[in-house]
1. With the condition kept exactly as written, say whether any residue in the stretch A:13-28 is farther than 16 Å from B:Phe12 by Cβ and of a type outside the set (Lys, Arg).
2. Can you work out which of the residues in the stretch B:42-59 that are modelled with pLDDT of 95 or more and outside any helix (DSSP H, G or I) is nearest to B:Arg70 (Cα to Cα)?
3. Does A:Leu27 satisfy the condition of being touching a residue at least 24 places away in the same chain (Cβ under 8 Å), in contact with a Pro (Cβ under 8 Å, 6 or more places away or on another chain) and part of a helix (DSSP H, G or I)?
4. Quick check on the stretch A:11-20: of everything there that is touching a helix residue (DSSP H, G or I) at 6+ places or on another chain (Cβ under 6 Å) and part of a helix (DSSP H, G or I), which residue is farthest from B:Arg21 (Cα to Cα)?
5. Report yes if A:Pro18 is over 23 Å from B:Ala82 (Cα atoms) and either over 19 Å from the mean Cα position of the chain (by Cα) or within 14 Å of chain B (Cβ to nearest Cβ) (or both), otherwise no.
6. Do we have B:Gly42 as out of contact with any Asp or Glu (no Cβ under 7 Å at 6 or more places or on another chain) and farther than 21 Å from A:Arg10 by Cα here?
7. Just give me the residues in the stretch B:78-117 being at pLDDT below 90 and facing chain A (nearest Cβ under 10 Å), in sequence order.
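The values are calculated or read from the model by the stated rules, or taken from the named source; none is laboratory data. The shown structure was predicted, so the numbers you read here are calculated from the model rather than taken from an experiment. Because the Cβ atoms are built from the backbone with ideal geometry, glycine has one as well, and the counts that use them run over all protein chains shown.
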Number of protein chains: 2
Amino acid sequence: MAQHDSHLSRVFHALGDPTRRALLMRLGQGPLPVSVLAAPTGFALPTVLRHLEVLEQAGLIRTEKRGRSRMCRAVPVALHGAADWLAAVRSEWEARTDRLEAFLETLEDEHDPEPRD
Amino acid sequence: MAQHDSHLSRVFHALGDPTRRALLMRLGQGPLPVSVLAAPTGFALPTVLRHLEVLEQAGLIRTEKRGRSRMCRAVPVALHGAADWLAAVRSEWEARTDRLEAFLETLEDEHDPEPRD
């Protein structure tokens, strides 16, 4: 649980930055060399490398040395935990809203049990 | 876009901490006073208040002074942006996997166009 929790923390922390989210989006095109990924960000390579390190530590990407360049690829399964957590909280919150509505309907019925003639 | 981006950053940043995620989960029970929310965390009240401030700045909760206590409630709609973003990236990544598979099938067909008699 604690291990799962810290993984989830790393994933959400990694997603909490617009540059890192843009890098992830671009990896939808397929594996790309770091230099190609870095170009449109407008940041210096060391900055982009730090962002990629955060993404890799969260398990969201994998990087691999290929000759003189480093290739990055997305790891789709790494998003599942975060998506599942959000879905669980939403259903928890919405179930609560449903229970509240049902309760309010009960109150209405108690105050107005029969339509008048 | 930039505004949406910074909202999304605040939401993901807020979710990147296990204590804040636990606080959000508990708000599925309905609005709770800060003191009740703080009790099971094992943290001092000022620490919990700082976490709640991060959640409130991300729009994930609303707090309201009621007499001597402060009530907290979940804001379900605030999770939609994060869930939508995750779904968009997943579908982007998965579409890429589908295209890759289709491409590999094409290659296979080219190399083995007809079954032998």
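1. Yes; the residues of the stretch A:13-28 include at least one that is farther than 16 Å from B:Phe12 by Cβ and of a type outside the set (Lys, Arg).
2. This residue is B:Gly59.
3. Values: touching a residue at least 24 places away in the same chain (Cβ under 8 Å): yes; in contact with a Pro (Cβ under 8 Å, 6 or more places away or on another chain): no; part of a helix (DSSP H, G or I): yes.
No, not satisfied.
4. For the stretch A:11-20, the residue satisfying everything is A:Thr19.
5. Working: over 23 Å from B:Ala82 (Cα atoms): no; either over 19 Å from the mean Cα position of the chain (by Cα) or within 14 Å of chain B (Cβ to nearest Cβ) (or both): yes.
Considered against the rule, which asks whether it is over 23 Å from B:Ala82 (Cα atoms) and either over 19 Å from the mean Cα position of the chain (by Cα) or within 14 Å of chain B (Cβ to nearest Cβ) (or both), A:Pro18 comes out as no.
6. Judged against the criteria, B:Gly42 is a match.
7. Initial filter on the stretch B:78-117 (at pLDDT below 90): B:90-117.
Matches in the stretch B:78-117: B:Arg90, B:Ser91, B:Glu92, B:Trp93, B:Glu94, B:Ala95, B:Arg96, B:Thr97, B:Arg99, B:Leu100.
Yes/no per residue for (1) surrounded by 14 or more Cβ atoms within 10 Å (Cβ to Cβ); (2) over 19 Å from the mean Cα position of the chain (by Cα):
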{"position": "B:Leu23", "(1), (2)": "yes, no"}
{"position": "B:Leu32", "(1), (2)": "yes, yes"}
{"position": "B:Glu53", "(1), (2)": "no, no"}
{"position": "B:Gly59", "(1), (2)": "yes, no"}
{"position": "B:Arg62", "(1), (2)": "yes, no"}
{"position": "B:Ser69", "(1), (2)": "no, yes"}
{"position": "B:Ala74", "(1), (2)": "yes, no"}
{"position": "B:Trp85", "(1), (2)": "yes, no"}
{"position": "B:Leu104", "(1), (2)": "no, yes"}
